[in-house]
Amino acid sequence: MKWLLVGLIVLCNACGDLLNTIGMRRHGRVDDFHPKGIAALAQSLARNKFVISGVIAMAIAFFALVALLSVAEVSFAVPATAASFLLETALAKLVLKEGVHWQRWLGAVVITLGVALLAF
């Protein structure tokens, strides 16, 4: 059960970050941090289907993490969910067409190997 929850958290975190990135790129740069600017930003993002979907995916990940913490130790749960870094790096390269250099790939792989060590 705990690995199923880890998988759900990893998938939802990665999808949530990807959707939020797409939504914010379509929205454009945020420069106004005055109260009126923040209110306008909130109204705009409330109509952005990508940001809304990203928030929903991250909410699912949060509740899955809460469920995971009820059946696993935090010293396992939090590091295990770091496996999302590899998936997010791959999605950034494939979907967002970001230039991902070898150092980032290496970092994501090292983190994933660390997660694999938790399985033992």
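Bear in mind that the values in this text are calculations on the coordinates, not laboratory data. Not measured: the values here are computed from a predicted model. Reconstructed Cβ throughout: ideal geometry from the backbone, glycine too, with neighbour counts over all protein chains shown.
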Q | Rg and Dmax of segment 2-118, Cα atoms only, in Å | A | 16.2, 48
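Quick test of the membrane-span-like rule: which DSSP H helices of the chain reach at least 20 Å along their long axis (C-alpha atoms) with mean Kyte hydropathy at least 1.0? Please list the in-between numbers first.
Details: long enough: 2-27 (37 Å, 0.75); 49-71 (33 Å, 2.40); 102-118 (24 Å, 1.45).
Helices passing the filter in the chain: 49-71, 102-118.
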(Q) Counting other beta carbons within 10 Å of each residue's own, what order do I9, I111, I38 fall into, fewest first? (A) I38, I111, I9
Q: Treat each spin label as a single point 7 Å out from the Cα along the C-beta direction, and report the K2 to F62 distance in nm.
A: 2.4 nm
Q) Lys/Arg Cβ at +1, Asp/Glu Cβ at -1, dipole of the chain taken about the Cα centre: which of L117, F76, I38 is farthest positive-ward? A) I38
Q: Evaluate Rg over Rh across segment 60-120, taking Cα atoms for both radii and Kirkwood's formula for Rh.
A: 1.06
Q | Relative packing of 79-88, 55-64, which averages over residues the other C-beta atoms within 10 Å, highest first | A | 79-88, 55-64
Q: For a footprinting-style exposure proxy, rank V51, V95 by other Cβ within 10 Å, fewest first.
A: V95, V51
Q) If contacts are Cα pairs under 8 angstrom and at least 6 residues apart, what is the relative contact order of segment 2-118 in percent? A) 36 percent
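Between I52 and S70, what length comes free when the chain is fully extended (0.36 nm per residue of separation minus the Cα-Cα distance, one decimal in nm)?
3.7 nm
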Q. Once the Cβ-Cβ distance between V110 and S44 is put in as r, and R0 is 35 Å, what FRET efficiency do you end up with, to the nearest 0.05?
A. 0.40
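Can you sort W105, W3 by how many other beta carbons sit within 10 Å, fewest first? Let's see the in-between values first.
Values: W105 14, W3 11.
Fewest to most other Cβ atoms nearby, the residues stand as W3, W105.
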